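The structure under discussion appears below in the form of structure tokens.
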Amino acid sequence: MNYRGHLTVGFAFFLAAYATLLFALHIHVSVADALLGLALCEFGALAPDLDHKSSKIHRWSYAGSAFAGVAVFLALSLKTHDFLSAGVLASIVAGILALVVFLLSNLKHRGFTHHAPGFLLFVLCIFIAMSFLRNSSFLPLPSILDFSPAKVTIFGAIGYLSHLIADAF
């Protein structure tokens, strides 16, 4: 399945999960939870193919690593006005992300990332990143952007599972 198919299936899974949380389980999902959850669900729907060098997500991931570094730099430098420390930390974040992508690209396609350990590692990383973002003193979020790390991680996990299920057919 190509990336468009995985994004479509991921969106369908997002809608099903959103409806289940809201109507079946009666769990409130804020606008921020839904929007960030949709983004993470779509990212999760593509993430298992990070191990495939010709996949769209792999080709986008190095630019995404640089973008994450710039975002960290802007957030920290605006808050602390310490451009050197912000630059060092931003470079470390971008470098680690790029290294992870490089290491994943050297794995067998449909190996680690398409099985339970890859899924569990993805969910753990998303939850840690979202918890850090939510609780970071460097980046105080306005109340409209208040989100639940657990809820948005669920959406990311749903997206990842949508990829694995779609590949089974």
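Every residue, every condition in (1) in contact with a Cys (Cβ under 6 Å, 6 or more places away or on another chain); (2) in contact (Cβ under 8 Å) with a residue 24 or more places away in the chain; (3) under 24 Å from PHE169 (Cβ atoms), yes or no:
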| residue | (1), (2), (3) |
| --- | --- |
| SER30 | no, yes, no |
| SER85 | no, no, no |
| PHE102 | no, no, no |
| GLY111 | no, yes, yes |
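If we scan the stretch 36-43, do we find a residue that is within 26 Å of LEU103 (Cα to Cα), at pLDDT below 90, surrounded by fewer than 19 Cβ atoms within 10 Å (Cβ to Cβ) and within 15 Å of the chain's Cα centre (by Cα)?
No, the conditions are met nowhere in the stretch 36-43.
Under 8 Å by Cβ, and 6 or more places apart or on different chains, what pairs join a residue from the stretch 155-169 that is within 12 Å of ASP49 (Cα to Cα) with one that is hydrophobic (A, V, I, L, M, F, W, C) and surrounded by fewer than 19 Cβ atoms within 10 Å (Cβ to Cβ)?
TYR160/VAL123; ASP167/MET1
Could you list, in sequence order, the residues of the stretch 1-42 that are in contact with a helix residue (DSSP H, G or I) (Cβ under 9 Å, 6 or more places away or on another chain), farther than 21 Å from SER55 by Cβ and among the β-branched types (Val, Ile, Thr)?
Matches in the stretch 1-42: ILE27, VAL29, VAL31.
Being at pLDDT 85 or above, under 18 Å from the mean Cα position of the chain (by Cα), among the β-branched types (Val, Ile, Thr) and under 23 Å from VAL100 (Cα atoms) is true for just one of VAL70, VAL31, VAL9. Which residue is that? Give the derivation first.
On the way: VAL31 fails: under 23 Å from VAL100 (Cα atoms); VAL9 fails: under 23 Å from VAL100 (Cα atoms).
Result of the check over VAL70, VAL31, VAL9: VAL70.
I want to confirm something. Restricting to the stretch 79-130 and keeping residues that are of a type in the set (Phe, Trp, Tyr) and at pLDDT 85 or above, which single residue is farthest from LEU38 (Cα to Cα)? Give the derivation first.
Residues of the stretch 79-130 of a type in the set (Phe, Trp, Tyr): 83, 102, 112, 119, 122, 127.
If we keep only those that are at pLDDT 85 or above too, we end up with 83, 119, 122, 127.
Working: PHE83: 32, PHE119: 18, PHE122: 16, PHE127: 15 Å.
So the residue we want is PHE83.
Touching a helix residue (DSSP H, G or I) at 6+ places or on another chain (Cβ under 7 Å), surrounded by 13 or more Cβ atoms within 10 Å (Cβ to Cβ) and assigned to a helix (DSSP H, G or I), is that true of LEU107? Steps first, answer last, please.
Values: touching a helix residue (DSSP H, G or I) at 6+ places or on another chain (Cβ under 7 Å): yes; surrounded by 13 or more Cβ atoms within 10 Å (Cβ to Cβ): yes; assigned to a helix (DSSP H, G or I): no.
No; evaluated as a whole, the condition is false for this residue.
Are any of the residues in the stretch 72-92 under 17 Å from ILE126 (Cβ atoms), among the charged types (D, E, K, R), open to solvent by 20 Å² or more (accessible area, probe 1.4 Å) and in a helix (DSSP H, G or I)? Before the answer, list the steps.
Filtering the stretch 72-92 down to residues under 17 Å from ILE126 (Cβ atoms) leaves 72.
Now drop any that are not among the charged types (D, E, K, R), which leaves none.
No, the stretch 72-92 has no match at all.
I want to confirm something. Restricting to the stretch 53-67 and keeping residues that are in contact (Cβ under 8 Å) with a residue 12 or more places away in the chain and either more than 18 Å from the chain's Cα centre (by Cα) or within 16 Å of LEU103 (Cα to Cα) (or both), which single residue is most open to solvent (accessible area, probe 1.4 Å)?
First, pick out the residues of the stretch 53-67 that are in contact (Cβ under 8 Å) with a residue 12 or more places away in the chain: 53, 55-58, 61-62, 64-66.
So of that shortlist, the ones also either more than 18 Å from the chain's Cα centre (by Cα) or within 16 Å of LEU103 (Cα to Cα) (or both) come out as 53, 55, 57-58, 61-62, 64-65.
Details: LYS53: 117, SER55: 15, ILE57: 15, HIS58: 15, SER61: 16, TYR62: 93, GLY64: 36, SER65: 7 Å².
Out of the qualifying residues, it is LYS53.
The values are calculated or read from the model by the stated rules, or taken from the named source; none is laboratory data. What you see is a predicted model; the values in this text were computed from it and never measured. All Cβ positions, glycine included, derive from the backbone under ideal geometry; neighbour counts span all protein chains shown. The accessibility values were calculated without ligands, DNA or RNA, using every heavy atom of the protein model including side chains. Shrake-Rupley method; radii C 1.70, N 1.55, O 1.52, S 1.80 Å.
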